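Engineer: Quick one: the structure is below, questions incoming.
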Amino acid sequence: MRLDWSLLAPEYVLAGWAAMLVLVGTFFPRLPKTWLGYLGAAGALAAAGTSLIWLNDDAAFGNLLEVDNYTTFFRLLFHGIAFTVCLVSARYVGERLKNAGEYYGLVLLSALGATYMAAAQELLSAYIALELSSFSLYVLASFARNEIRSNEGGLKYMLLGAFSSAILLYGLSMIYAATKTTQYDGIREALSGDLEGARSAVLLGLVLLVAGLGFKVAAVPFHMWTPDAYEGAPLPVTALISALSKAAGFALFIKLFVRGLMPLADDWQPLLAGLAAATMLLGNLVALQQRNIKRLLAYSSIGQVGYILAGVVALSPDRPDAATAILFHLAGYVISNLAAFACAIVYYNWTGKEDIYDYRGLAERAPFLALAMAASLFSLAGMPLFAGFVTKFVLFQAIAEEGFLWLAGVGVLTSFISLYYYLMVMKQMYLGEPEEPGRFSTPWLEYAAVAALLVGIFLVGLAPLPLMEAAEDAASLVYRELGTALVAGR
């Protein structure tokens, strides 16, 4: 087994930077906490720059990890999430949280674990990577240790997470027992042959695996932790959980189901189709009743999981259209969701409030922030000109072309429903009377982050081709072991 350690250089940067942040926070306690946030953002940016070295490369770290354009796509996405979260956390952490060094170190470690989930090509590496990312998020969710709801949300997240991890590991062990291998490609070859009476064990393992991964991405009915964890966690951590855990979970979903479990497609497609429809419906319908911005975005993210899960249902053994659509939509969702949370963080730093009614009159007191929040919510709803419209269109088209027209119809219907609760926020911002007169002060660095995300929303919405090509390039590499000439016909 050939181990080329240089392939893991971006992860060395993240791990080393995380350790440095902890040490700096420990030995220089009088250093302004905001500087640690900027230092953490610099670490994520350095890791992203290092990742570009392997752009268009195709290498393997033994039989454990792959470094190709699929891994690079998610490296850049995860490093971008960590960069944004560190940047918008700086003022929040400086005013409200202790142990800033540990906070930013855990943010970087969560991105490190997520990267290995995308790079893994066998079950145990994927599981260990998932747990590294999850444990970082468990601690971050309860980081405001003097707040009861943060402790409650973090405890629920950790306990249910541990339970789901046990279910997932049991499912993986059942698949290993039946196929005698943990390699994705070996599992596919074993499932394509005669299982010699082990089919029932494989199906049980498949159900347990879907349940475990369903918790990680907050699919119904494994979503119970999401509203409380989102509401209790510090706002920047909520942004991190909503973006990173979803993207990492589906990076693993795509690779495992295409490379390993595709021979069982007739078994897992109906199961995932039912989960996807339930997730879209419950997430968007329950969101209508929410009055807290974090809980609203929690149920909104559950609905978004349903759309992406419908894309997983449409994964095909002979072409990567659905996988391309999922990667494309994931990137658009991450940009839009981070923009919404960045706006919420800036507003919370001003007021300490997170109820939707408290946003009334925001357009008078902070016009740019209201504009950015409205654009991000329109994008999440899938309105034209914004990123969400074109990414959802491509995703629903791929789902319909694979014969799941009814599932695409549910997606369109629930997207229409979601527009109502997003408009509730906009109504308060533009039609409500402000609680106090006067403009808010302008936090230029945070505004710069919001502006960059806003540009991303319009860039993906109006000029989607570069991102689409990157997603297509990455998705085609997942299929390269299946013996199909996918790139030649492009």
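Engineer: Using the 2.2 N^0.38 Å rule of thumb for compact globular proteins, work out how segment 1-71 stacks up: its C-alpha Rg over that value, please.
Structural biologist: Computed over Cα atoms of segment 1-71, the ratio equals 1.38.
Engineer: Given the DSSP H assignment, sum -39500 (n - 2.57) over each helix run of at least 4 residues in the chain and divide by its residue total; what's the result at 222 nm in deg cm²/dmol, nearest 500?
Structural biologist: Values: 20 runs with 362 residues, N = 490.
Calculated mean residue ellipticity at 222 nm is -25000 deg cm²/dmol.
Engineer: Per residue Cα convex hull volume for segment 186-247, in cubic angstrom?
Structural biologist: Output value, Cα hull per residue: 89 Å³.
Engineer: Now a separate question. Compute the acute angle (0 to 90°) between the alpha-carbon long axis of helix 265-287 and the principal axis of greatest extent of the alpha-carbon atoms of the chain; round to the nearest 10°.
Structural biologist: Here the helix axis deviates by roughly 10 degrees.
Engineer: If one takes the longest principal axis of the Cα atoms in the chain, at what angle in degrees, from 0 to 90 and to the nearest 10, does the Cα axis of helix 69-96 lie?
Structural biologist: 30
Engineer: How big is the gap, in Å, between the Cα center of segment 282-301 and the Cα center of segment 163-177?
Structural biologist: The distance from the Cα centre of segment 282-301 to that of segment 163-177 comes to 31 Å.
Engineer: Place a +1 charge on the Cβ of each Lys and Arg in segment 288-490 and a -1 charge on the Cβ of each Asp and Glu, then give the dipole magnitude about the Cα centre in debye, rounded to the nearest 20.
Structural biologist: In debye, rounded to 20, segment 288-490 gives about 300.
Engineer: Please give me the summed charge of the neighbours of Ala111: other residues whose Cβ is under 12 Å from its Cβ, Lys and Arg +1, Asp and Glu -1.
Structural biologist: Summing Lys and Arg as +1 and Asp and Glu as -1 gives 0.
Engineer: Of Tyr138, Tyr357, Tyr307, how do they rank once you tally other Cβ atoms within 10 Å and put the fewest first?
Structural biologist: Tyr357, Tyr138, Tyr307
Engineer: Next question. In segment 288-490, if the dipole is taken from +1 on Lys/Arg beta carbons and -1 on Asp/Glu beta carbons about the Cα centre, which of Ala372, Ala398, Leu330 is farthest to the positive end?
Structural biologist: Ala372
Engineer: Determine the sum of side-chain charges near Leu206: Lys and Arg each +1, Asp and Glu each -1, restricted to other residues whose C-beta is under 14 angstrom from that of Leu206.
Structural biologist: After counting each charged neighbour, the total is 0.
Engineer: Then there is this: Step through the table entries Lys98/Lys294; Lys246/Lys294; Lys33/Lys98; Lys156/Lys255, compare each Cα-Cα distance with 20 Å, and write down the pairs that go over it. Can you show the working numbers first?
Structural biologist: Details: Lys98/Lys294 22 Å; Lys246/Lys294 16 Å; Lys33/Lys98 9 Å; Lys156/Lys255 29 Å.
Those over the limit are Lys98/Lys294; Lys156/Lys255.
Engineer: When N is the residue count of segment 288-490, what does its C-alpha Rg come to as a fraction of 2.2 N^0.38 Å?
Structural biologist: Values: Rg = 18.6 Å, N = 203, 2.2 N^0.38 = 16.6 Å.
Normalised by 2.2 N^0.38 Å, the Cα Rg of segment 288-490 equals 1.12.
Engineer: Once you have the Kirkwood Rh of the chain from its Cα pairs, apply Stokes-Einstein at 10 °C and 1.306 mPa s and quote D in µm²/s.
Structural biologist: Working: Rh = 22.4 Å.
Diffusion coefficient, whole number: 71 µm²/s.
Engineer: Using DSSP to define loop residues, name the trypsin sites (Lys or Arg not before Pro) in segment 82-147 whose beta-carbon has at most 14 other beta-carbon atoms within 10 Å.
Structural biologist: Listed in order of number, the matching sites are Lys98, Arg145.
Engineer: Let me ask you something else. State the percent of C-alpha pairs, over all pairs in segment 120-251, separated by a distance greater than 21 angstrom.
Structural biologist: On the way: 3745 of 8646 pairs.
The proportion of pairs with Cα distances above 21 Å equals 43 percent.
Engineer: Something else about it: If Lys and Arg each add +1 and Asp and Glu each add -1, what is the summed charge of the other residues whose beta carbon sits under 15 Å from the beta carbon of Ala100?
Structural biologist: For residues surrounding Ala100, the net value is +4.
Engineer: I need the fraction of alpha carbon pairs in segment 105-173 separated by more than 15 Å, rounded to a whole percent.
Structural biologist: Here the tail beyond 15 Å accounts for 56 percent of pairs.
Engineer: Determine the dipole magnitude for the chain: charges of +1 sit on the beta-carbon of Lys and Arg, -1 on that of Asp and Glu, nothing else is charged, the reference point is the Cα centre, and the result goes in debye to the nearest 20. If you can, show how the numbers build up before the last one.
Structural biologist: On the way: 29 positive and 36 negative charges, 233 e Å.
The dipole magnitude comes to about 1120 debye.
Engineer: A further question follows. Please name whichever of Ala363, Leu209, Phe135 sits farthest to the positive end of the charge dipole of the chain, dipole taken about the Cα centre and charges placed at Cβ: Lys and Arg +1, Asp and Glu -1.
Structural biologist: My answer, from the dipole projection, is Ala363.
Engineer: Would you list Trp268, Trp35 from fewest to most Cβ contacts within 10 Å?
Structural biologist: In increasing order of surrounding Cβ atoms, one gets Trp35, Trp268.
Here, each number is a calculation from the coordinates, and none is a lab measurement. Everything quoted here is computed from the prediction, not taken from an experiment. Virtual Cβ from ideal backbone geometry, glycine too; neighbours counted across all protein chains shown.
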